[in-house]
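**Q** One structure, as structure tokens, below. Some questions next.
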Amino acid sequence: MPVFFQAGFRPFFLFAGLAGLVLVPWWTAALLGALPLPARPVGPVAWHAHEMLYGFIGAAVAGFLLTATPNWTNTPPRRGWPIVVLAAAWLLGRGVMGAAPAVPAWLAAVVDLAAPALLLAQIAHVVLGRGNRRNYAVPALLAVWVAGDALYHAAALGWLAAGPWPGLFMGIYAVLGLMLLISGRVGPAFTAGHINRVLGHGARAPATPAWTHSAWPPLLLAVAAGHILGLDAAAGVLAVVLGLVVAWRMTGWRTAVVLDTPIVWVLHLGHAWLAVGFVLLGLGLLADGVPRSAGLHALLSGGAATLVLAVMSRAALGHTGRIIHASPLTVAAYALVTLGAVLRVAAAFPAGPDWLLHAAATAWPAAFLCYLVAYAPLFFRPRLDGRPG
């Protein structure tokens with residue numbers, strides 16, 4: 001079996017980079033009339049949201065979980081044919097979604113749902129089978145994510161009068177839950193490792209206020225329920241509170257100590273984007289003057305995409321036996337995804353000039369071009385230390 005299929009991060013981190021490079025320019029070109037819009041009856045905007053959520057982010061989530069879950073559960077990692085099948089399912093899903101509406105809606109539903117359902121089955125089998133209670137939230141959030149995809153396709157088939165957005169919002173909030181869970185672990189953990197190397201083991205370690213661990217999950221659930229059910233005032237207030245809680249989590253992370261180390265501070269940046277995004281989303285649910293899309297793009301184009309780049313770049317180096325250090329191309333990717341997110345959030349406001357959107361649509365995929373140039377070759381090469389994976 002080729003080395004490309006010897007670890008889950010190899011194909012899926014490549015796919016995530018390719019999706020980040022292609023999907024936004026494709027969407028922009030379609031809006032400008034240069035390409036046809038691949039839309040189901042649910043509409044082109046919903047298609048765009050779906051592909052970013054289940055194409056781009058879906059690939060990154062798959063690569064991370066297939067790599068991290070064996071470490072969490074002390075089980076052998078998936079290699080070979082399970083990775084081949086899951087990768088093929090993801091590719092077929094992108095094919096049928098991109099070919100819409102030429103592909104029948106029922107066939108698109110079956111094919112597109114295969115990859116997230118298979119990922120859920122693999123992760124749940126390991127986490128639940130090993131009784132790994134600390135990580136039970138991961139398959140639970142994945143199950144909500146898969147259910148959101150199913151509701152999206154139910155709307156495309158005409159079975160759901162409410163349309164595609166309840167399902168898409170379920171998927172969005174499930175992904176945000178995963179981002180909060182994972183960033184809350186890796187941010188302080190990798191910061192602690194950096195502090196130990198630079199300042200010594202006696203230096204003060206980063207810490208997360210304990211109460212925030214139990215505060216954000218019910219707040220996220222309440223925001224999601226209120227948003228989906230149309231309880232905008234309640235959801236808005238709670239989203240602002242959630243944003244402040246997420247920001248408070250970072251108060252003990254010692255961010256100032258890692259500002260000279262991009263591969264660490266980018267984790268802090270991604271987490272900070274989540275805090276800003278929830279506050280903006282809350283204000284958008286409460287006031288007409290703040291577009292809701294500003295908060296959603298801060299959360300996803302800013303928070304999720306930054307964390308995706310942060311984790312993929314670090315894991316690609318570490319799991320191929322290389323020194324974990326951000327090259328100039330990697331730093332450029334971090335800077336460009338941040339610039340793209342800032343521009344896209346600004347473009348959501350009615351007073352924003354048209355060039356903001358076009359500039360965002362250039363900077364954001366440029367970040368993933370930098371990432372692919374730097375990391376794509378590594379996915380086809382064996383580990384430097386000779387270990388499997």
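The values are calculated or read from the model by the stated rules, or taken from the named source; none is laboratory data. Computed from a predicted structure; not experimentally measured. Neighbour counts are summed over all protein chains in view; Cβ atoms, including those assigned to glycine, are modelled from backbone coordinates with ideal geometry.
**Q** Determine the pairs where a residue that is assigned by TED's automatic domain parsing to the domain that holds Thr330, located within the range 355-366, has a partner that is assigned to a helix (DSSP H, G or I) and surrounded by fewer than 17 Cβ atoms within 10 Å (Cβ to Cβ) with Cβ atoms under 8 Å apart, the partner being 6 or more residues away or on another chain.
**A** Cβ pairs passing all conditions: Ala361/Pro25; Pro365/Pro25.
**Q** Also: Could you tell me whether any residue of the range 225-241 is in contact with a Leu (Cβ under 9 Å, 6 or more places away or on another chain) and charged (D, E, K, R)?
**A** yes
**Q** If I filter the range 72-109 down to residues being assigned to a helix (DSSP H, G or I) and over 23 Å from the mean Cα position of the chain (by Cα), which single residue comes out as surrounded by the most Cβ atoms within 10 Å (Cβ to Cβ)?
**A** Going through the qualifying residues, I end up with Ala105.
Table: residues versus (1) within 29 Å of Trp159 (Cβ to Cβ); (2) β-branched (Val, Ile, Thr).
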position	(1), (2)
Val84	no, yes
Leu91	yes, no
Ala102	yes, no
Ala108	yes, no
Val111	yes, yes
Pro116	yes, no
Leu128	no, no
Gly131	no, no
Tyr136	no, no
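**Q** When only residues in the range 193-220 that are touching a residue at least 24 places away in the same chain (Cβ under 8 Å), assigned to a helix (DSSP H, G or I) and under 23 Å from the mean Cα position of the chain (by Cα) count, which is nearest to Leu168 (Cα to Cα)?
**A** Filtering first and then ranking leaves Leu220.
**Q** Let me ask something additional. Just name the residue that is surrounded by the fewest Cβ atoms within 10 Å (Cβ to Cβ) out of those in the range 257-276 that are part of a helix (DSSP H, G or I) and over 18 Å from the mean Cα position of the chain (by Cα).
**A** Val257
**Q** Then there's this: Can you say whether Leu21 is at pLDDT 90 or above and aliphatic (A, V, I, L, M), as far as the supplied structure shows?
**A** yes
**Q** Give the residue, chosen from Ala207, Ala235, Ala224, Ala239, that is surrounded by fewer than 21 Cβ atoms within 10 Å (Cβ to Cβ) and at negative phi.
**A** After applying the criteria, what remains is Ala207.
**Q** Can you say whether Gly284 is farther than 21 Å from Ala59 by Cβ, free of Cβ contacts under 8 Å to residues at least 24 places away in the same chain and small (Gly, Ala, Ser), as far as the supplied structure shows?
**A** No.
**Q** For Ala287, work out the one condition from (1) at pLDDT 95 or above; (2) among the hydrophobic types (A, V, I, L, M, F, W, C); (3) surrounded by fewer than 23 Cβ atoms within 10 Å (Cβ to Cβ) it doesn't fulfil.
**A** Going through (1) at pLDDT 95 or above; (2) among the hydrophobic types (A, V, I, L, M, F, W, C); (3) surrounded by fewer than 23 Cβ atoms within 10 Å (Cβ to Cβ) one by one, Ala287 breaks only (1).
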